[in-house]
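Since every read-out is calculated from the coordinates, none of them should be taken as a lab result. None of these values were measured; they are calculated from a predicted model. Don't worry about glycine lacking a Cβ; one is built from the backbone with ideal geometry, like all the others, and counts go over all protein chains shown.
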């Protein structure tokens, strides 16, 4: 009588699971079918004087069920990931033509003193917030205090008034913000305005928002406020 040793059967099972030999990695059902075939063969050829231990057989059944479950879980996660990616692309497409606030320091002044908004993001409340506007050469052209601010994101519009009372010339200006609480400096993020003109897909498959050349493309996570 031919007797299949425990090690031989275990090796065959592992080979079926790992896709050894000429077989590629199968589905969960393929693995279960292969395992049951090998198990029946083992039972038929076991040594009558040294039968297969029930605990060992139960352990093998548990192992194959675990492997099958992991494969099914991976397939489910891949499906969910695909749905999330599609949802993010649709969400990004819905922003085309909308204005957003993203990390940045630029404010644009147009005709008759019209300006683009800017924003401030605070992680914690502040009792004193100071905004400084500079021209292209770095010279301070306006500086004013906003006073207290809560934690979060708030948007503002500069009136384009210079310190001498005249209207700022058309062009690009930079904004810097200082925030403090009880005279302790707080971290602050300055936000600039941009118009979403299109979307693209990054190397990671995530959507990227084209801001019309005024800034580098950004991800959905970079958007702090939609205006």
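Could you tell me the calculated FRET efficiency between residue 201 and residue 172, based on Cβ-Cβ distance and R0 = 30 angstrom, to the nearest 0.05? Walk me through the numbers before you get to the answer.
Numbers: r = 30 Å, r/R0 = 0.99.
Plugging the Cβ-Cβ distance into 1/(1 + (r/R0)^6) gives 0.50.
With the Cα gyration tensor of region 99-226 in hand, give its eigenvalues times 5 under a square root as the equivalent ellipsoid semi-axes, listed largest first in whole angstrom.
Each semi-axis is the square root of five times an eigenvalue, giving 26, 21, 11 Å.
Tell me, in nm to one decimal, what length is gained between residue 136 and residue 156 on full extension, where the rule is 0.36 nm per residue of separation less the Cα-Cα distance? Mind showing how you got there, number by number?
Details: separation 20, 0.36 × 20 = 7.20 nm, distance 2.05 nm.
Gain on extension, residue 136 to residue 156, equals 5.2 nm.
Counting C-alpha atoms alone, how compact is region 115-170: give Rg to one decimal and Dmax as a whole number, in angstrom.
Here Rg and the maximum Cα pair distance are 12.6, 35 Å.
Give me the percent relative contact order of region 99-226, please, defined on Cα pairs under 8 angstrom at least 6 residues apart. Can you show the working numbers first?
On the way: 304 pairs, mean separation 43.6, N = 128.
Result for region 99-226 is 34 percent.
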